[in-house]
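Trainee: Here you go, one structure.
The values are calculated or read from the model by the stated rules, or taken from the named source; none is laboratory data. Quick caveat, the model's predicted, so the values are computed rather than measured. Here the Cβ positions follow ideal geometry from the backbone for every residue, glycine too, while neighbour counts run over all protein chains shown.
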Amino acid sequence: MKAEDIRQILTSFQAGTLDLDATMKKLKDLPFEDLGYAKVDHHRGLRNGYPEVILGEGKKKEHIKGILEAMLPHNNNILITRVDNEIYEYLKQDLTDLEYIELARIIIVKKRDICATTTKILVVSAGTADLPVAEEAAITAEVLGNTVDRLYDVGVAGIHRLLASRDKMNQASVLIVVAGMEGALASVVGGLVDKPVVAVPTSVGYGASFGGLSALLTMLNSCASGVGVVNIDNGFGAGYLASAINRQIELASKGGL
C-alpha cells in the first residue's frame, strides 16, 4: 500500500462514499497481516518506498502462494525471488499475470505501470556464468522503477572489453559489478568511475574460490574508493541498494533533496 492509497481511502470516507465499516476493513491490515506462518508487511511501501519482496527460496510453495494472495489486493507490483520453474507452474494454475524470468529465478506480478528513472543503473558482469546473479540484480532494479543498462562478459581476463565501454560506464549514476573467481572486476571498475559501485561476489569459481569467499574478500579489501559490497550471490540486495541510491540521485537532479 502506498501513501496515495491511504489518502484515497480517507478522502472517500470524508466525502461519504465509503462508510466507517468499509474504511476500517480497508485499514485493518495495516501495518501487517498475520497469516500464521507469515506476517505480511503491507506497510513497507509507506516506510521504505517499496512493497515487501517475497524470498521464495526455502519456503513451501503453499506458503508462497498464500503470501502472494495476501499481497495481490493491495495492487502493488510484486517480486518473488529465488524460485524455480516448479514453483512458477504451481502458482500459475490459480493466479494470472505472472511473468517468470528463468535465468534470474524471479517471478514478477505487474499490477501498476513502472515509471523508470531518468538516471541510470548499469549492471556489469565479469563472465557468462555470473549472469543469473547479474540478471537478478538488473530485474530487481527495473521492477523498483529504475532505468537499467547491462554490460556483460567484460571480466579482467580480457580487460580491453571493459575499457571499450568507458562511455557506457560514465553515463550511469550507479554501477552494480558482479564477479566470481577472484572478484577483481569491482576494483577495476571502481578505479575507472566517479560513481557509487555496488559489488556482488558470486559463487562461481574453482575450489580455492571457496564458493565465492575469495571474491567477497577481494571486494571487501578493494583499494578503489566508493565500492560497497553485498553478500555472495545477493543480486537482489545489490539491485535494491543501487535502486535506493539511484532514487536519491534522481530526486537531487530534480531539486527534490
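Trainee: Do we have any residue at all in the range 125-142 that's out of contact with any strand residue (DSSP E or B) (no Cβ under 6 Å at 6 or more places or on another chain), of a type in the set (Asp, Glu) and in the same structural domain as residue 248 (by TED's automatic domain parsing)?
Mentor: Checking the range 125-142: at least one residue is out of contact with any strand residue (DSSP E or B) (no Cβ under 6 Å at 6 or more places or on another chain), of a type in the set (Asp, Glu) and in the same structural domain as residue 248 (by TED's automatic domain parsing).
Trainee: Within the bounds of the range 68-75, is there any residue that is loosely packed, with under 14 Cβ neighbours inside 10 Å and over 20 Å from residue 145 (Cβ atoms)?
Mentor: Yes, the conditions are met somewhere in the range 68-75.
Trainee: Considering every residue within the range 92-104, establish whether at least one is in contact with an Asp or Glu (Cβ under 7 Å, 6 or more places away or on another chain), more than 23 Å from residue 44 (Cβ to Cβ), assigned to a helix (DSSP H, G or I) and without any contact (Cβ under 8 Å) to a residue 40 or more places away in the chain.
Mentor: So far as the range 92-104 goes, no, none of its residues is in contact with an Asp or Glu (Cβ under 7 Å, 6 or more places away or on another chain), more than 23 Å from residue 44 (Cβ to Cβ), assigned to a helix (DSSP H, G or I) and without any contact (Cβ under 8 Å) to a residue 40 or more places away in the chain.
Trainee: Suppose we keep only residues that are at pLDDT below 95 and acidic (Asp, Glu) within the range 146-179. Which one would you say is surrounded by the fewest Cβ atoms within 10 Å (Cβ to Cβ)?
Mentor: Filtering the range 146-179 for residues that are at pLDDT below 95 and acidic (Asp, Glu), the one surrounded by the fewest Cβ atoms within 10 Å (Cβ to Cβ) comes out as 167.
Trainee: List the pairs whose first member sits in the range 232-257 and is over 29 Å from residue 180 (Cβ atoms), whose second member is of a type in the set (Ser, Thr, Tyr), and whose Cβ atoms are under 7 Å apart, counting only residues at least 6 apart or on separate chains?
Mentor: These pairs meet every condition: 250/117; 250/118; 250/119; 253/119.
Trainee: Taking only the range 69-125 into account, find how many residues are touching a helix residue (DSSP H, G or I) at 6+ places or on another chain (Cβ under 8 Å), farther than 30 Å from residue 154 by Cα and aromatic (Phe, Trp, Tyr).
Mentor: Of the residues in that region, 1 qualify.
Trainee: Any idea how many residues of the range 63-91 are at pLDDT 90 or above and in a strand (DSSP E or B)?
Mentor: Residues meeting the conditions: 3.
Trainee: I need the strands (runs of 3 or more DSSP E) fully contained in the range 131-219, keeping only those with at least 3 residues that are on the phi < 0 side of the Ramachandran plot and in contact with a Lys or Arg (Cβ under 9 Å, 6 or more places away or on another chain).
Mentor: 147-151
Trainee: Considering each of 5, 19 in turn, give the residue that is modelled with pLDDT under 80 and either more than 25 Å from residue 235 (Cα to Cα) or of a type in the set (Val, Ile, Thr) (or both).
Mentor: Answer to the check: 5.
Trainee: Is it the case that some residue within the range 235-249 is of a type in the set (Phe, Trp, Tyr), in contact with a strand residue (DSSP E or B) (Cβ under 6 Å, 6 or more places away or on another chain) and in a helix (DSSP H, G or I)?
Mentor: Checking the range 235-249: at least one residue is of a type in the set (Phe, Trp, Tyr), in contact with a strand residue (DSSP E or B) (Cβ under 6 Å, 6 or more places away or on another chain) and in a helix (DSSP H, G or I).
Trainee: Follow-up. Among the residues of the range 180-193, is any modelled with pLDDT of 95 or more and under 27 Å from residue 45 (Cα atoms)?
Mentor: No, there is no match, as no residue in the range 180-193 is modelled with pLDDT of 95 or more and under 27 Å from residue 45 (Cα atoms).
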